[in-house]
Every structure is written in C-alpha cells, then in structure tokens.
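Here is the structure we will look at, set down as structure tokens.
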Amino acid sequence: MSKIIVMLGAPGAGKGTQARLLAERFDYPQVATGEILREMATAETPLGRDIRETLAAGQLVGDEVLADVIWKRTSQPDCRDGYILDGFPRTLQQERLLEEVAAQQAKRIYVVRVVVPLESLMKRLTGRRTCSKCGEIYNIYLRPPRREGVCDFDGAPLRQRADDRAETVSTRLAAYEESTAPLVEYYRASGRLTEVDGERPVEEVFRQLCAAVGCPGAQAAGGAEDPGS
Ligand code: AP5
C-alpha cells in the first residue's frame, strides 16, 4: 500500500531537512504546507493578504484553508504513489481530515516526530538560511555553507525567512504548544507515533526515520525494511 509519511515536530525541529531526504529516497513529492502558504501569501487577493498577516504574526492558518490546500495538492498525479507531509496535520481537526484523505486515496499513514528540546529551537530558527534557487537548508551556527551567503550546490544567494525573526519565533513556538502538542499526544496514545532524536546529526536522524518508515534500501543503510511490504 502506498504511504503518507507525516512529519511532526516543533518549528525548527528539522522536518523540512528530513522531509527533503525522505522525498528523495522514496521518490515521493514533499508536500510542505508552509511553503505552499508562503506562495499563496504573495497573491494580492483577500485570501493572500489574510494568509500573509497570519504568517507574519506566527499564528496558524485556518483549518478550512488547509483542507482546501491538502485536497488539491495531494490529488495531483505526482502524489499517486505516496507523499511526505511536512507541516500537516497541526491540529486535531486537520488530523481528521487526513484520515478522510488517506481512506479515499487508499494510502497508509506513518507518523514520525522529530524531537528537539525548546532551548535548541531558537538558534536553529534564527540561524536558518535557505537557498533561493534549490531550497537547500543551512544554518549559520550549526550547518553553515562553505561560502558565506551562497548555496554550496548552485551558488545562488541564501535567504532568511520573514517569520524566523526572534519575536515571531516565540509566537510560532507558543502556537505549536497550544495546537500541535495535543495532536502529538493523540498519536502517541493511539500507538501510531515513532519519535526520533532530532539533536543527532542530520544523517543519523535520517537513518532513524528510515528505520521507522521503511525506506527503500533501508536495510543496506542500517535501518529496517518496509514493515508493510
Ligand atoms: P512551516 O514552513 O511548516 O514552518 P515550521 O513548522 O515552523 O517549521 P520550520 O520550517 O520552521 O522548521 P523545520 O522543522 O522544517 O526545520 P528545518 O528543517 O528548516 O510553517 C510556517 C507557517 O505556515 C506556520 O507558522 C503557520 O503559520 C503556517 N502553516 C504551515 N502549515 C500549517 C498547517 N498545517 N496549519 C496551519 N498553519 C500552517 O531546520 C531548522 C534549522 O535547523 C535549519 O537551519 C537546519 O539547517 C537546522 N537543522 C536541521 N536539522 C538539524 C540537525 N540534525 N542538527 C543541527 N541542525 C539542524
């Protein structure tokens, strides 16, 4: 059965970094709701402006908007064999929607959470820089590029996200505690959650994730094969 891999974790835990690696290994698309919303926020429409304000404030965008985003994006042909959800679901209402989506698409949901203590998150977020061309993620303190301000792979300039300023980061972390922590508890109580230590080096976190979700070729890389195959 094809998979939906759900990446849970606080802002800055490393969901995006790991989702990119999983997407490559599975040859699945990475469905990153934050990225989709940032793109929608550039539109000069009432919805675009509304999303722009919500993102700038570090709050969660409404569940109805997310429902629309998820149905549309995951109905695209590239999602047919499976996909990685990076940043969705974030509320219990979004989780219920995901169950519906998975049932309709005949896919199995795997939930993994990248765990990083709160004190590390601020440094990760304020230090993050992203390649404006290929999306590679760096950190000026923890994973700096070889040459300051430019991507190692394509030489394009690195950008800082508007919501990575210290004052907005605090609101994002509070929104996570309020809305997403209950969802983590729900998945944990239902026995469907695998948690990995997100403070390990990127490659090691990836190995733990591969073991949890059954990456293709994971045995050779030191993990478990797909438990469902
Ligand atoms: P979104 O874009 O999803 O942001 P986020 O959840 O806040 O997560 P981040 O992208 O900030 O962090 P990440 O966990 O991906 O970490 P990363 O890999 O980049 O959402 C943005 C906004 O959109 C939300 O605030 C909300 O308003 C809205 N939104 C999105 N989805 C929504 C939804 N479902 N419902 C409602 N609203 C929604 O890594 C962070 C840094 O750490 C990087 O610098 C990286 O290099 C570094 N790093 C990563 N791994 C390691 C490691 N192992 N060791 C050392 N450093 C590492």
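Going by the structure shown, is Arg20 more than 14 Å from the ligand (Cβ to nearest atom), out of contact with any Phe, Trp or Tyr (no Cβ under 7 Å at 6 or more places or on another chain) and in a helix (DSSP H, G or I)?
no
Any residue at all in region 9-19 that is of a type in the set (Ser, Thr, Tyr) and farther than 27 Å from Glu119 by Cα?
no
So is Gln59 in contact (Cβ under 8 Å) with a residue 60 or more places away in the chain and either in a helix (DSSP H, G or I) or polar (S, T, N, Q) (or both) or not?
yes
Looking at (1) near the ligand (Cβ under 10 Å from one of its atoms); (2) farther than 17 Å from Gly14 by Cα, which is the only condition Asn139 fails?
Status for Asn139: all satisfied but (2).
Counting just the residues of region 67-101 that are under 24 Å from Pro216 (Cα atoms) and aromatic (Phe, Trp, Tyr), which one comes out nearest to the ligand (Cβ to nearest atom)?
Phe88
Could you grab me the full set of residues in region 94-121 that are more than 17 Å from the chain's Cα centre (by Cα), surrounded by 15 or more Cβ atoms within 10 Å (Cβ to Cβ) and not β-branched (Val, Ile, Thr)?
Selection gives Leu97, Ala102, Gln105, Lys107, Ser120.
Among the residues of region 10-22, are any on the phi > 0 side of the Ramachandran plot and not aliphatic (A, V, I, L, M)?
yes
Determine the pairs where a residue that is basic (Lys, Arg), located within region 133-148, has a partner that is more than 8 Å from the ligand (Cβ to nearest atom) with Cβ atoms under 6 Å apart, the partner being 6 or more residues away or on another chain.
Listed by first residue and then by second, the contacts come to Lys133/Asp154; Lys133/Ala156; Arg146/Asp152.
Quick one: Pro145 ticks every box in (1) touching a Leu at 6+ places or on another chain (Cβ under 7 Å); (2) surrounded by 15 or more Cβ atoms within 10 Å (Cβ to Cβ); (3) in a helix (DSSP H, G or I) bar one, so which box is it?
(3)
Spot the failing condition for Asp154; the list is (1) in contact with a helix residue (DSSP H, G or I) (Cβ under 9 Å, 6 or more places away or on another chain); (2) among the charged types (D, E, K, R); (3) modelled with pLDDT of 95 or more, and only one is missed.
It is condition (1) that Asp154 fails.
Using beta carbons and a limit of 7 Å, which pairs, at least six apart or on different chains, have the first residue in region 94-110 and at pLDDT 95 or above and the second one exposed (fewer than 13 other Cβ atoms within 10 Å of the Cβ)?
Qualifying pairs under 7 Å: Ala106/Met1; Lys107/Met1; Arg108/Met1; Arg108/Gly228.
What single numbered condition from (1) near the ligand (Cβ under 9 Å from one of its atoms); (2) within 18 Å of Gln18 (Cα to Cα); (3) without any contact (Cβ under 8 Å) to a residue 40 or more places away in the chain fails to hold for Ala211?
Condition not satisfied by Ala211: (1).
Give just the number: which of (1) at pLDDT 95 or above; (2) out of contact with any Lys or Arg (no Cβ under 6 Å at 6 or more places or on another chain); (3) acidic (Asp, Glu) does Glu119 not satisfy?
Here Glu119 meets the rest and fails (1).
The values are calculated or read from the model by the stated rules, or taken from the named source; none is laboratory data. Small disclaimer: the values here were computed from a predicted structure and weren't measured. Cβ coordinates were reconstructed from backbone atoms using ideal geometry, including for glycine residues, and neighbour counts include every protein chain displayed.
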